[in-house]
Amino acid sequence: MVSAEARSVDSRAEQLNEEILIRRVREGEHELFYELVRPYERRIYAAALAILRNPSDAEDAAQDAVLKAFKNLRQFRAEARFSTWLIQITVNEARMRRRKDQTAMVDPIVESQDREGNYTPRDFADWREIPSETLERKEIREALARAVASLGEIYRDVFVLRDIEHLSIEETAKALGISTANVKTRLLRARLMLRDLLAPGLGGSWANKLSFAKGNKPW
Amino acid sequence: MVIDCEEVWREVSNYLEGESGPAMCAAIEDHLRGCKRCVAVVNGTRNIIRLYGEERIMEVRAGYSERLRHRLETSLPLRRGTLFGWMVAFAAAAMLLVAFEIGSSSAFTRPYLRSAHAQPAARAIPADLAVVVTDEAKIFHLPGCGVIHHRSTERTLTAAEAEREGYVPCVRCLRKYVNVTRSSYGTGAAGLPGDVPSNAPAQVLLFSHQ
């Protein structure tokens, strides 16, 4: 078991290493930029995919975001975490692409989910704790991805930043340009909606098809 | 404080993030002891947070890392020189320029020698070569040279001694040792002093004794 102190030391070492890399890239060693981005490449792809819901678009957005990060590296301030800054750029890039793509397209479930009133859970299946190795199963990973992709975008964006990318409430609010109260409200709804979507499958047997896989939405 | 199910659902996110106050926490836990539905909601929401918090839930497309790296390699500008690098390059260029200027400066070239007698030898005059000198001119000759005058004052010396006394070789009898090349005139072979115009730059071949 790794102690909190050891994790803190590791984290500080990583941060120092990151600071050195940033300085060297700024001084002209551009080839080191990939080393700076590499620890987060999976996360930025995940963020873009959750927002765009298309692997190809997500990859393009992730690549463009990384290039934008390089071009704007001088604007990066050390008081923020580099990972947070990079993810914010990625989220902005993905949301911008989504806005372009949505000029003639309306998300059919956005309207029904945009009411930010109280959310009432629809499913009360007893969801026992899931063993960690469950995530090794491809169909479960796909079910989780489908569930988050089915959320309305205002909920999805908040959920991606907070629960997938682990930004703080304040960082999420700043990245999305909304209040922290709005972040909390949307996050609650997103979590409850996902629970409603996934509890029947994860609480029961994954051999049976998930209810939302048939197109049934519990809200 | 007693709360109902709806209040539990409204607060579940804060509760799981540890942001509910102590009174609210106690009220929720009290409610959960008697409400299986809310237990299911709380446990399910906790599982959602835990599952999506795992980095491996998001599958990355095959080759994504390689394509990202390639995109960076082809899109990022080439290495930019540092200030120090530019300073070193500038200093090197300046030194080359100065060296070239010094090398081509007239201060470091020998002036054209007008007198044929002053021209150095093309090849070394043997130091012990017997030569004769007279008081008529500061020229030394081979014995029997046709242009020796004032033979009454003739003295015999070695070539080395004659040069030490300031004599120069006769261009008639010691022609093979006297040479003036005209590098800037190209075609001219080593010629006699008379071949060289007075304003011609000359390349002087130093002579020395063997």
Tell me, what HN-Hα J-couplings in whole Hz come from the Karplus equation 6.51 cos²θ - 1.76 cosθ + 1.60 at θ = phi - 60° for each residue of segment B:151-165, using x for Gly and Pro? 4, 5, 9, 5, 10, 10, 9, 8, 4, 5, 5, 4, 5, 4, 8
Non-local amide H neighbours of residue B:131 (under 5 Å, H modeled in plane, Pro and chain starts lacking H): which ones? B:157, B:158, B:159
Whole-Hz ³J(HN,Hα) from phi, Karplus 6.51 cos²θ - 1.76 cosθ + 1.60, for segment B:51-57, glycine and proline x: 5, 6, x, 7, 5, 7, 6
Among B:63-70, A:92-99, what's the highest-first ranking by average C-beta atoms within 10 angstrom per residue? A:92-99, B:63-70
Which of the three applies to segment B:5-56, rounded, prolate or oblate, going by the alpha-carbon gyration tensor with a ≥ b ≥ c and a/c under 1.5 meaning rounded? oblate
Tell me, A:82, A:124 in order of fewest to most beta-carbon neighbours within 10 Å? A:124, A:82
With θ set to phi - 60°, apply the Karplus curve 6.51 cos²θ - 1.76 cosθ + 1.60 along segment A:33-46 and write out the HN-Hα couplings as whole Hz, x wherever there is a Gly or Pro. 5, 4, 4, 5, 8, 3, x, 10, 4, 5, 5, 5, 5, 4
Just counting partner chain Cβ atoms within 10 Å, what average do the residues of peptide B:68-75 show around their Cβ? 6
Would you mind checking which residues have amide H under 5 Å from residue B:139's amide H? H placed 1.01 Å from N; only 5 or more apart, or other chain. B:134, B:168
Collect residues whose amide H, placed 1.01 Å from N in the peptide plane, falls under 5 Å from the amide H of residue B:178; neighbours closer than 5 in sequence don't count. B:122
Determine the sum of side-chain charges near residue A:172: Lys and Arg each +1, Asp and Glu each -1, restricted to other residues whose C-beta is under 15 angstrom from that of residue A:172. +2
Shielding by other protein chains, A:47-60, mean Cβ within 10 Å: 2
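No lab work stands behind these numbers, since they all come straight from the coordinates. Nothing here was measured: the structure is a model prediction, and the numbers come from that model. Using ideal geometry, Cβ is built from the backbone for each residue, glycine included, and neighbour counts are taken over all protein chains shown.
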